[in-house]
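S.K.: Got a structure here, written out as structure tokens. Questions coming.
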Amino acid sequence: AIRQQTDGSFAAGGGRSDVGQTALALLPFLGEGHGSRTTGSEGRDVVAPGIAWIRRQLFPGGEPRAIEAADLGIALKALSEDYMLSYGRLRPVEADRRADELTRLTARVVAAQEPSGAFPGADDDVRRAVWPMWGLEAAARTGSVLPPAAVAERFRTWYGSRPRTANDDVAAGLLLARTFGDAFGRQALDDGTRRALAHGIDGEDDAFVLATTGTGLLLHDARAFRDWSRGLDDKLIRSLLQTGVVRKGDPVGDTATVLLALQVAYRTY
């Protein structure tokens with residue numbers, strides 16, 4: 001919170017633009033239930049100006065601003081979660097405007113998908129595909145947007161053709177099974193759960209992998225999640241300084257990602 005700038009944004013970092021970084025920084029606050037319209041919440045003082053800034057940046061002239069697909073995905077996830085938390089406190093006109101923004105932003109994310117099913121840069125960094133898909137998953141849960149099933153089909157084609165780990169399988173299963181009800185997603189969870197349990201928590205696994213894998217396991221099998229996550233909190237907390245900031249990496253983005261991994265058990269549903 002102390003790193004938020006006066007206009008509500010967070011400075012670009014970790015390879016993300018200012019939009020992607022701001023959205024990522026807001027996600028842990030949203031995960032604790034702090035929306036831009038939540039009353040009696042200190043977190044609202046961070047979320048409200050941050051969400052307002054993202055909306056101004058993304059829709060300066062009506063149509064979504066052209067930014068990297070991964071950052072669009074993070075922003076779509078943040079705006080979708082805030083929409084769900086704030087819905088009952090929005091005036092009908094504003095609720096309609098927010099839903100329209102989600103629809104247009106979803107269309108921009110879908111348009112960024114390549115014919116192969118990947119997203120720009122995803123062949124070198126799978127996160128660049130996971131974030132857009134995770135954003136679409138959040139948008140679908142608002143009930144106001146239904147991403148095309150073809151997005152999952154194309155993603156499945158690309159994902160099946162690349163080397164991946166057990167934890168990647170769980171992440172893909174989460175994104176496909178919950179959003180699109182795809183049989184591939186369910187199979188990926190079945191296969192990925194077994195391999196993730198055998199794999200355990202690798203010292204090289206970063207917080208993003210732990211957040212996506214933990215979410216997939218919890219959705220699929222709560223007992224498996226408990227077995228897999230034993231010791232997870234200690235690993236994540238050891239990655240932080242006593243001040244609460246990550247020991248290595250981007251102080252804003254990487255700290256937020258650790259918080260997302262710690263929040264899995266109570267933000268998933």
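S.K.: Would it be correct to say that LEU24 is over 16 Å from ARG98 (Cα atoms) and among the aliphatic types (A, V, I, L, M)?
M.R.: Considered against the rule, which asks whether it is over 16 Å from ARG98 (Cα atoms) and among the aliphatic types (A, V, I, L, M), LEU24 comes out as yes.
S.K.: Where the second residue is open to solvent by less than 60 Å² (accessible area, probe 1.4 Å) and outside any helix (DSSP H, G or I) and the first is free of Cβ contacts under 8 Å to residues at least 24 places away in the same chain and within 20 Å of LEU26 (Cα to Cα) and lies in region 79-101, which pairs have Cβ atoms under 7 Å and are six or more apart or on separate chains?
M.R.: ARG98/LEU90
S.K.: For region 232-252, how many residues meet the condition of being closer than 20 Å to GLY20 by Cα and either within 12 Å of the chain's Cα centre (by Cα) or of a type in the set (Ser, Thr, Tyr) (or both)?
M.R.: Selection size over region 232-252: 0.
S.K.: Continuing with this model, one more query. Could you list, in sequence order, all residues of region 222-247 that are farther than 18 Å from PHE29 by Cα, open to solvent by 60 Å² or more (accessible area, probe 1.4 Å) and either touching a residue at least 60 places away in the same chain (Cβ under 8 Å) or not hydrophobic (A, V, I, L, M, F, W, C) (or both)?
M.R.: Matches in region 222-247: ARG223, ARG226, ASP227, ARG230, ASP233, ASP234, ARG238, GLN242, ARG247.
Every residue, every condition in (1) modelled with pLDDT of 65 or more; (2) not basic (Lys, Arg), yes or no:
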| site | (1), (2) |
| --- | --- |
| ARG104 | yes, no |
| VAL110 | yes, yes |
| THR179 | no, yes |
| GLY185 | no, yes |
| ILE201 | no, yes |
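S.K.: Pairs only if they're at least six apart or on different chains, beta carbon under 6 angstrom, first in region 114-141 and under 15 Å from GLY20 (Cα atoms), second crowded, with 23+ Cβ neighbours inside 10 Å and aromatic (Phe, Trp, Tyr); list them, first residue then second.
M.R.: ARG128/PHE119; ALA129/PHE119; PRO132/PHE119
S.K.: Does ASP250 satisfy being assigned to a loop (DSSP other than H, G, I, E, B) and either within 19 Å of GLN4 (Cβ to Cβ) or open to solvent by less than 60 Å² (accessible area, probe 1.4 Å) (or both)?
M.R.: When the stated conditions are applied, ASP250 passes them.
S.K.: Of all residues in region 208-221, which are touching a residue at least 60 places away in the same chain (Cβ under 8 Å) and acidic (Asp, Glu)?
M.R.: Hits for region 208-221: nothing passes.
The values are calculated or read from the model by the stated rules, or taken from the named source; none is laboratory data. Nothing here was measured: the structure is a model prediction, and the numbers come from that model. Because the Cβ atoms are built from the backbone with ideal geometry, glycine has one as well, and the counts that use them run over all protein chains shown. All accessible areas refer to the heavy atoms of the entire protein, side chains included, with ligands and DNA or RNA removed. Shrake-Rupley method; radii C 1.70, N 1.55, O 1.52, S 1.80 Å.
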